[in-house]
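Input: a single structure, listed below in structure tokens.
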Amino acid sequence: MDCSNQEQHCILIPGRMVLAFPKSCSDAGAGRRPDTGYGELREVAPTPHLAPPSGSYVVGAFPNVLLFYDVSHGFNEVRIVRRSPYDREFDPNDYSERYDLITPKGVGLFICSE
């Protein structure tokens, strides 16, 4: 289900996950926590070898869904982690499901603009 609006790209998979990311790169990462309509988008960890706002994220309503974002390719991976980043025992490599996100013709999913 498309839940996008003027500020963000958004896809809801009811009962499973939401993929949401700001349309403007300046509204993501580095301490920003935009509201997605499904809770705030929280950066878990930046990816230092890639340009910001590349990194991993969670959305408030689905804290066990870890979203991996690359500024050049958009979302490229999703993991269902056993413990959310809000848990002291969080480990991004302790997951029950992992999905590579691939789009037709390799077009990026939710690439933000300056």
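Quick notes
- Residue within segment 67-81 that is over 11 Å from the mean Cα position of the chain (by Cα), within 20 Å of P14 (Cα to Cα) and at pLDDT 95 or above present: yes
- Selection count where residues are surrounded by fewer than 21 Cβ atoms within 10 Å (Cβ to Cβ), within 10 Å of the chain's Cα centre (by Cα) and of a type in the set (A, V, I, L, M, F, W, C), scope segment 39-49: 1
- Test: residue in segment 20-27 that is within 15 Å of P63 (Cα to Cα), at pLDDT below 95 and either surrounded by fewer than 18 Cβ atoms within 10 Å (Cβ to Cβ) or touching a strand residue (DSSP E or B) at 6+ places or on another chain (Cβ under 7 Å) (or both): no
- Consider segment 60-87 and keep the residues that are surrounded by fewer than 18 Cβ atoms within 10 Å (Cβ to Cβ) and of a type in the set (A, V, I, L, M). The one that is farthest from E114 (Cα to Cα) is I80.
Residue-wise test of (1) surrounded by fewer than 14 Cβ atoms within 10 Å (Cβ to Cβ); (2) free of Cβ contacts under 8 Å to residues at least 12 places away in the same chain; (3) assigned to a strand (DSSP E or B).
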{"position": "H9", "(1), (2), (3)": "no, no, yes"}
{"position": "G15", "(1), (2), (3)": "yes, yes, no"}
{"position": "G29", "(1), (2), (3)": "no, no, no"}
{"position": "G37", "(1), (2), (3)": "no, no, no"}
{"position": "A51", "(1), (2), (3)": "yes, no, no"}
{"position": "V58", "(1), (2), (3)": "no, no, yes"}
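- Any hit, segment 91-111, residues being closer than 17 Å to M17 by Cβ, touching a strand residue (DSSP E or B) at 6+ places or on another chain (Cβ under 7 Å) and β-branched (V, I, T): yes
- Condition check for T103 on (1) surrounded by fewer than 17 Cβ atoms within 10 Å (Cβ to Cβ); (2) modelled with pLDDT of 95 or more; (3) under 24 Å from M1 (Cβ atoms); (4) of a type in the set (S, T, N, Q): one failure, at (2).
The values are calculated or read from the model by the stated rules, or taken from the named source; none is laboratory data. Just so we're clear, the structure is a prediction, and the values are computed from it rather than from any experiment. Note that each Cβ is placed from the backbone with ideal geometry, even for glycine, and that neighbours are counted across all protein chains shown.
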